[in-house]
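For reference, the structure discussed in these notes is given below.
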């Protein structure tokens, strides 16, 4: 799950890095919060519409409290309307601790051989090509993605100025939706193959990465003030949907079904409408 989550979160991480290097803190913060909201409302919702599924893995259930804990930590970082360098160091330190923890969990599950997530991951390992092909594709992605991401950030800034909306709102919507496409592909492919734990595990891992890394980078690189709406409006939505997601996964009965999928995707539409009505129009 760690490798998949890193791969699908790479666009958000690179967007955050590019935005931070150009002192666009609100764009990076919006991308982090928006991606977490979209991963649950839109991506999990669409996956549930494709095929109802159940979370079997005990590993995932142990990681859900960590996701909620990290979400609470994000609130403590955002509540004062400032990103400090100490915030960034703390969040990136949490990223290292989480990686060490998840590797330990994965090794334990692999030795026991009884966890459904481990079985699904082993089933997805490539049978041909080996490491040389994997490193080749990784190298190509690392060359192309920064260039494409820089174009995304530049054009997002142009669009935000043209439509007189804030960088925070642009990050929450257009950027977050675009960078969440890998998570969508992973979730849909997972549920169609019956690999439900990979689909859900990727969302958990990506949401943790979005906070500790995507939010940690702007705090470390370009500390300073952020849009107060990031906490008062957007963080509360992210925390609420994270709690709903955890409750759905902790249930032992089949979940989430198509009814839940309709509610989640409907919630995504309501959230977009809320952003439209509550976002201030920038006046030059």
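The values are calculated or read from the model by the stated rules, or taken from the named source; none is laboratory data. Keep in mind that what you see is a predicted model, and the values were worked out from it rather than measured. FYI the Cβ positions are ideal-geometry reconstructions off the backbone, even for glycines, and counts take in every protein chain you see.
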Taking the range 46-62, which residues are part of a helix (DSSP H, G or I) and buried (at least 23 other Cβ atoms within 10 Å of the Cβ)? 47, 48, 60
Qualifying residues in the range 200-226 (those that are more than 13 Å from the chain's Cα centre (by Cα) and assigned to a helix (DSSP H, G or I)) - the one nearest to residue 257 (Cα to Cα): 216
1 or more residues over 23 Å from residue 187 (Cβ atoms), at pLDDT 85 or above and in contact with a strand residue (DSSP E or B) (Cβ under 9 Å, 6 or more places away or on another chain): qualifying helices (runs of 4 or more DSSP H) within the range 66-168: none
Just give me the residues in the range 171-193 being touching a residue at least 24 places away in the same chain (Cβ under 8 Å), more than 16 Å from the chain's Cα centre (by Cα) and either surrounded by fewer than 23 Cβ atoms within 10 Å (Cβ to Cβ) or within 26 Å of residue 275 (Cα to Cα) (or both), in sequence order. 191, 192
Does residue 271 satisfy being modelled with pLDDT under 90 and either surrounded by 13 or more Cβ atoms within 10 Å (Cβ to Cβ) or part of a helix (DSSP H, G or I) (or both)? no
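Residues are listed down the side, and each one gets a yes or a no for (1) surrounded by fewer than 24 Cβ atoms within 10 Å (Cβ to Cβ); (2) under 21 Å from residue 43 (Cα atoms); (3) modelled with pLDDT under 90; (4) in contact with a strand residue (DSSP E or B) (Cβ under 7 Å, 6 or more places away or on another chain):
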{"residue": "195", "(1), (2), (3), (4)": "yes, yes, yes, no"}
{"residue": "205", "(1), (2), (3), (4)": "no, yes, yes, no"}
{"residue": "211", "(1), (2), (3), (4)": "no, yes, no, no"}
{"residue": "217", "(1), (2), (3), (4)": "no, no, no, no"}
{"residue": "222", "(1), (2), (3), (4)": "yes, no, no, no"}
{"residue": "230", "(1), (2), (3), (4)": "no, no, no, no"}
{"residue": "233", "(1), (2), (3), (4)": "yes, no, no, no"}
{"residue": "236", "(1), (2), (3), (4)": "yes, yes, no, no"}
Of the conditions (1) surrounded by fewer than 19 Cβ atoms within 10 Å (Cβ to Cβ); (2) in contact with a helix residue (DSSP H, G or I) (Cβ under 7 Å, 6 or more places away or on another chain); (3) closer than 30 Å to residue 86 by Cα, residue 258 satisfies every one except a single condition; which number is it? (3)
Step by step: first the residues of the range 169-199, then only those that are touching a helix residue (DSSP H, G or I) at 6+ places or on another chain (Cβ under 6 Å) and not in a helix (DSSP H, G or I), then the one that is farthest from residue 26 (Cα to Cα). Which residue is that? 195
Give just the number: which of (1) in contact (Cβ under 8 Å) with a residue 40 or more places away in the chain; (2) surrounded by fewer than 23 Cβ atoms within 10 Å (Cβ to Cβ) does residue 155 not satisfy? (1)
State the number of residues belonging to the range 81-93 that are farther than 22 Å from residue 232 by Cβ and buried (at least 20 other Cβ atoms within 10 Å of the Cβ). 0
